[in-house]
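S.K.: Below: one structure in structure tokens.
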Amino acid sequence: MTFELELRDLAIDIAREAAELARRRRAEGVAIAASKSTIADIVTEADQEVEALIRERLSAARPDDGFLGEESGGDEGASGVTWVVDPIDGTVNYAFGQPSYAVSIAAVTGPADPGGWQVQAGVVAAPALGEVFVAARGHGAFLGGQRLSVTEGSPAGALVATGFGYDPATHAGAIAELSRVMPIARDLRRAGAASLDLAFVAAGRLDAYYERGLKPWDMAAGSLLVEEAGGRIGWLDADERGRRMLVAASAHLHEKLVGVLRA
Ligand code: IPD
């Protein structure tokens, strides 16, 4: 078995266990533990518990690897592999009992930063949907044994998803960008979990997705899903706050969307 497949299979096992813990905690009722940067930027006790479980399992299986998680931060490792983890992506959905939330686990080599890393394996597990999206570099992206493939996405009729940062000062810019995309889209979605938006692009359930200011853990696993499903991941220049925009779509639609977003 290749290195990438070994990392992927480990991530699948751990993501399944973590997804089950998240689902169980949700069924028991969820307490919001704290607000972070703004009132919308919340963390639940389940986020912390699920991340602790993932961290423990990874360090037992691969003690020399690094770790970067949304809730507990980063630790460098000696092996050259770093695990980039969002224990519950879509925390607001999770807290409100909506199904769009996911456990996202990726193994990267190089720096733990989208600017320079190479994602080797990625898993996005959505407990409320009963779905686990998996990818290993060079080995394709799959859902339940079915190989995934992005749509060609006719620009005139594309279903496009996006997301907004939590900082209200950034909302005017996001609205301006939305108004440029709307004329070329069939419709727009803001489902609230970046990793799932990317998984849905990979699965052809969305034609495209873009968002400014994503954190590494929001998009590490999902970006590999898109690339392994034949799509393109690209970055637009940073805004005045230093927030770059990720754009995910088929090559054809990617070019069109980037043109519109830059205009
Ligand atoms: C958030 C979600 C949301 C996106 C935000 C992310 P979190 O992650 O992915 O869709 O718009 O940018 O921070 O906080 O729920 O893990």
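The values are calculated or read from the model by the stated rules, or taken from the named source; none is laboratory data. Note that the coordinates shown come from a computational prediction; the quantities given were computed from them, not determined experimentally. Note that we place each Cβ from the backbone using ideal geometry, even for glycine, and neighbour counts take in every protein chain shown. The protein model used for the area step is the full one, side chains on, heavy atoms only, and it has no ligands, DNA or RNA in it. Shrake-Rupley method; radii C 1.70, N 1.55, O 1.52, S 1.80 Å.
S.K.: Can you report the number of residues in the range 195-224 which are part of a helix (DSSP H, G or I), out of contact with any Asp or Glu (no Cβ under 6 Å at 6 or more places or on another chain) and open to solvent by 30 Å² or more (accessible area, probe 1.4 Å)?
M.R.: Final tally of qualifying residues: 1.
S.K.: Conditions: (1) touching a residue at least 12 places away in the same chain (Cβ under 8 Å); (2) in a loop (DSSP other than H, G, I, E, B). GLY116 meets all but one. Number of the miss?
M.R.: Among (1) touching a residue at least 12 places away in the same chain (Cβ under 8 Å); (2) in a loop (DSSP other than H, G, I, E, B), GLY116 violates only (1).
S.K.: Right, something else. Contact list please: Cβ distance under 8 Å, first residue in the range 70-99 and on the phi > 0 side of the Ramachandran plot, second residue basic (Lys, Arg) and modelled with pLDDT of 95 or more, pairs at least six apart or on different chains.
M.R.: Taking only residues 6 or more apart or on different chains, not a single pair turns up.
S.K.: For GLY192, all conditions in the list (1) part of a loop (DSSP other than H, G, I, E, B); (2) within 30 Å of SER72 (Cα to Cα); (3) over 12 Å from the mean Cα position of the chain (by Cα); (4) small (Gly, Ala, Ser) hold save one; what is the number of the exception?
M.R.: (3)
S.K.: Further, regarding this structure: From the residues in the range 20-51 that are among the acidic types (Asp, Glu) and not in a loop (DSSP other than H, G, I, E, B), which one is farthest from VAL124 (Cα to Cα)?
M.R.: GLU28
Rundown of residues vs (1) open to solvent by 60 Å² or more (accessible area, probe 1.4 Å); (2) of a type in the set (D, E, K, R); (3) part of a helix (DSSP H, G or I); (4) at pLDDT below 95, yes/no style:
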position	(1), (2), (3), (4)
ALA15	no, no, yes, no
ALA18	no, no, yes, no
ARG55	no, yes, yes, no
GLY74	no, no, no, yes
ALA106	no, no, no, no
